[in-house]
Structure formats: C-alpha cells, structure tokens
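A.B. asks: Structure incoming, see below.
The values are calculated or read from the model by the stated rules, or taken from the named source; none is laboratory data. Note that this is a predicted model, so its numbers are computed, not measured. So basically every Cβ, Gly included, is an ideal-geometry build from the backbone, and we count neighbours across all protein chains shown.
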Amino acid sequence: MAKIFCVANQKGGVGKTTTTVNLAASLAAQKQRVLVIDLDPQGNASMGSGIDKMELNQTVYHVLIGMADIGSVRVKSETGGYDVLPANRELAGAEVELVEIDRREERLKDALEPVLTEYDFVLIDCPPALSLLTLNGLCAANGVIVPMQCEYFALEGLSDLVNTIKQVHANLNPELTIIGLLRVMFDPRTTLQQQVSEQLMAHFGDKVFSTIIPRNVRLAEAPSYGMPGVTFDKSSRGAQAYMQFGAEMIERIKTM
C-alpha cells in the first residue's frame with residue numbers, strides 16, 4: 001500500500017516542484033513504484049516530467065470534479081520513470097467548482113483509493129497557498145515533506161505551515177504529520193544559512209532530514225529539457241543529493 005506525501009510550503013519559490021520530481025525520479029531509480037500528482041495549476045511538475053501540459057485531454061481537474069478516474073488520466077514520465085497525474089490551467093477552475101460539491105476536501109483521497117496498491121509512494125506537489133487544492137492534498141496524505149531555504153523569512157512561513165498542518169490534523173485528517181524538513185538551495189558559505197540550519201536542527205531535531213540539497217545550476221536547467229535533474233545530469237551535486245534523499249526517505253518509511 002502506497003505512502004502518500006504532500007510536498008508543501010506556503011511560501012513560493014522554495015523548490016517544492018524541484019523536490020517532488022527529483023525525489024520521484026530518485027525513488028523510481030531505486031526500484032520504487034511512484035505516482036506524482038500535480039496539484040498546481042501552473043503544471044510545472046508535469047512539464048518537469050516531460051509532459052506537454054498543452055496537449056492533455058484530461059488532467060487532475062477532471063479527476064477532482066468526478067469526470068474521470070486516475071487510471072485513465074495518469075501518464076508515464078519517460079524521462080523520470082514514474083507515473084504522473086498531470087495538471088494545466090484548467091485546474092484553477094476546480095477551486096470554484098469544488099465549493100458546491102459534498103466532501104470537497106476529500107475528492108483526491110477518494111479518487112486515490114482504487115490505485116493505492118499499485119504504488120509504493122504517491123507524491124503530491126501542492127500550490128504555494130492554503131487553497132482547496134492544497135487541502136485536498138493534505139487530506140489525502142499520510143505526511144508532509146517541507147522543502148525550505150535556510151533564510152529568515154522561511155522560518156516565518158514555516159510557523160504558518162505548522163499551524164495549518166495542526167488544524168488539518170485536528171479537523172480533517174488525524175493521520176497527517178510532518179515527515180521532515182528538507183533544506184534546499186543551501187549555500188554553506190553563507191553564515192545566515194548555517195545559523196538558520198542550526199536553529200532548525202535545535203528546534204525540530206530528527207524531523208530535519210540529514211540530506212541537504214545544495215544550490216545547483218544543473219537542477220535549475222533540467223526542467224527546460226522536460227527532465228528531473230536526477231536523470232538530466234546524474235553526476236551533478238544536486239542529482240547526487242536527491243538520490244541520497246530518496247534513500248533516506250525509503251529508510252524513514254521503515255520506521256513510520
């Protein structure tokens with residue numbers, strides 16, 4: 001049975017999509033069966049997996065409003081080795097349409113039930129806002145992976161996210177927990193980043209993943225080729241760090 005994880009942070013530009021697609025590719029390379037769900041109307045996780053969002057007939061939007069099931073909508077990422085439930089701009093309309101639907105926060109959870117035995121991991125790329133789409137991700141998930149930069153404003157945003165997760169845990173999904181914090185775009189030469197990293201370790205302890213993802217140009221270049229960084233340049237420091245993170249996730253699952 002699949003373990004379902006949201007990759008979430010209410011702050012934009014912190015590497016959620018980069019983390020989702022590279023973790024997925026890393027897990028796939030380690031013989032895990034992975035489904036990526038793109039819950040962001042920008043469709044970046046779809047594009048970064050080599051899927052042309054402009055040519056899609058059906059997307060996660062159709063799944064959420066009940067017009068299709070996951071089995072008929074998912075697409076194989078040839079460049080990443082995992083399945084994708086893709087998204088495009090249509091998904092923005094789901095926000096309005098879901099308001100009128102019963103159990104609107106649990107549409108994704110219900111849709112996932114029939115395919116959970118087909119995967120080891122389901123990774124949900126959430127938009128950078130607490131919307132109905134993000135709530136659907138949080139209600140479906142067993143836990144949350146939080147990518148964050150080691151900067152002052154990131155700490156501010158983290159406290160908001162922790163409060164959101166507590167509220168969802170209390171009211172909608174008692175299984176939900178923070179799996180771990182992943183330090184991304186890390187530059188060890190910066191004193192502030194080292195200080196924030198130490199604060200995270202002191203406050204969250206073993207909730208902070210030991211893997212650190214460095215700031216890496218090859219990771220940033222990969223999406224323009226429709227590839228995760230892990231397969232775009234396997235020898236890059238960023239790719240090697242995400243491979244290490246995948247191995248750490250597999251180990252962490254065993255202790256859950």
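A.B. asks: List the number of the failed condition for Met249; all other conditions in (1) within 20 Å of Val122 (Cβ to Cβ); (2) touching a strand residue (DSSP E or B) at 6+ places or on another chain (Cβ under 6 Å) hold.
C.D. replies: (2)
A.B. asks: Checking Glu95 against (1) modelled with pLDDT of 95 or more; (2) surrounded by fewer than 22 Cβ atoms within 10 Å (Cβ to Cβ); (3) part of a helix (DSSP H, G or I), which single condition isn't satisfied?
C.D. replies: Of (1) modelled with pLDDT of 95 or more; (2) surrounded by fewer than 22 Cβ atoms within 10 Å (Cβ to Cβ); (3) part of a helix (DSSP H, G or I), only one is false for Glu95: (1).
A.B. asks: Another one. Among (1) among the small types (Gly, Ala, Ser); (2) modelled with pLDDT of 95 or more; (3) at positive phi, where does Ala24 come up short?
C.D. replies: All conditions are met except number (3).
A.B. asks: Cβ-Cβ under 8 Å, sequence separation 6+ or interchain: first residue in the stretch 96-117 and at positive phi, partner surrounded by fewer than 16 Cβ atoms within 10 Å (Cβ to Cβ) and part of a helix (DSSP H, G or I). Which pairs?
C.D. replies: Every condition considered, the pairs that remain are Arg103/Asp110.
A.B. asks: Limited to the stretch 183-192, what total is found for residues that are buried (at least 19 other Cβ atoms within 10 Å of the Cβ) and not basic (Lys, Arg)? Break it down into steps so the answer makes sense when it comes.
C.D. replies: Applying the first criterion (buried (at least 19 other Cβ atoms within 10 Å of the Cβ)) to the stretch 183-192 yields 183-186.
Filter once more, keeping what is not basic (Lys, Arg): 184-186.
Qualifying residue count for the region: 3.
A.B. asks: Looking only at residues that are touching a residue at least 60 places away in the same chain (Cβ under 8 Å) and over 24 Å from Asn171 (Cβ atoms) in the stretch 124-157, which one is surrounded by the fewest Cβ atoms within 10 Å (Cβ to Cβ)?
C.D. replies: Phe153
A.B. asks: So, one more: Identify all residues within the stretch 1-18 that are over 10 Å from the mean Cα position of the chain (by Cα) and in a loop (DSSP other than H, G, I, E, B); write none if there are none.
C.D. replies: Passing the criteria: Met1, Ala2, Gln10, Lys11, Gly12, Gly13, Val14.
A.B. asks: Give me the pairs, please: first residue somewhere in the stretch 185-212 and free of Cβ contacts under 8 Å to residues at least 12 places away in the same chain, second residue anywhere and aliphatic (A, V, I, L, M), beta-carbon distance under 7 Å, and either six or more positions apart or on two chains.
C.D. replies: So the pair list comes out as Met201/Val208.
A.B. asks: What tally of residues in the stretch 62-82 results from selecting those that are surrounded by 23 or more Cβ atoms within 10 Å (Cβ to Cβ) and in contact with a Leu (Cβ under 9 Å, 6 or more places away or on another chain)?
C.D. replies: Total satisfying the criteria: 3.
A.B. asks: For residues that are of a type in the set (A, V, I, L, M) and surrounded by fewer than 22 Cβ atoms within 10 Å (Cβ to Cβ), scanning just the stretch 242-256, find the one that is farthest from Arg183 (Cα to Cα). Break it down stepwise before answering.
C.D. replies: Our first condition is that a residue be of a type in the set (A, V, I, L, M); within the stretch 242-256, this holds for 243, 247, 249-250, 253, 256.
Okay, now just the ones that are also surrounded by fewer than 22 Cβ atoms within 10 Å (Cβ to Cβ), so 243, 247, 250, 253, 256.
Numbers: Met243: 15, Ala247: 16, Ile250: 18, Ile253: 19, Met256: 21 Å.
The qualifying residue farthest from Arg183 (Cα to Cα) is Met256.
A.B. asks: Can we say Tyr119 is surrounded by fewer than 23 Cβ atoms within 10 Å (Cβ to Cβ), closer than 25 Å to Gly66 by Cβ and aromatic (Phe, Trp, Tyr)? Reasoning before the result, please.
C.D. replies: Numbers: surrounded by fewer than 23 Cβ atoms within 10 Å (Cβ to Cβ): yes; closer than 25 Å to Gly66 by Cβ: yes; aromatic (Phe, Trp, Tyr): yes.
When the stated conditions are applied, Tyr119 passes them.
A.B. asks: Cβ-Cβ below 6 Å, separation at least six or inter-chain, first residue in the stretch 42-55 and closer than 12 Å to Val75 by Cα, second assigned to a helix (DSSP H, G or I) and of a type in the set (Val, Ile, Thr): which pairs?
C.D. replies: Listed by first residue and then by second, the contacts come to Ser49/Val21.
Residues checked against (1) in a helix (DSSP H, G or I); (2) in contact with a helix residue (DSSP H, G or I) (Cβ under 9 Å, 6 or more places away or on another chain); (3) small (Gly, Ala, Ser); (4) closer than 16 Å to Tyr119 by Cβ:
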| site | (1), (2), (3), (4) |
| --- | --- |
| Val36 | no, yes, no, yes |
| Gln42 | no, yes, no, no |
| Gly50 | no, yes, yes, no |
| Met54 | yes, no, no, no |
| Gln58 | no, yes, no, no |
| Tyr61 | yes, yes, no, no |
| Met67 | no, yes, no, no |
| Lys76 | no, no, no, yes |
| Thr79 | no, yes, no, no |
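A.B. asks: Restricting attention to the stretch 81-89, does a residue exist that is in contact (Cβ under 8 Å) with a residue 60 or more places away in the chain and within 28 Å of Arg252 (Cα to Cα)?
C.D. replies: Within the stretch 81-89, one or more residues are in contact (Cβ under 8 Å) with a residue 60 or more places away in the chain and within 28 Å of Arg252 (Cα to Cα).
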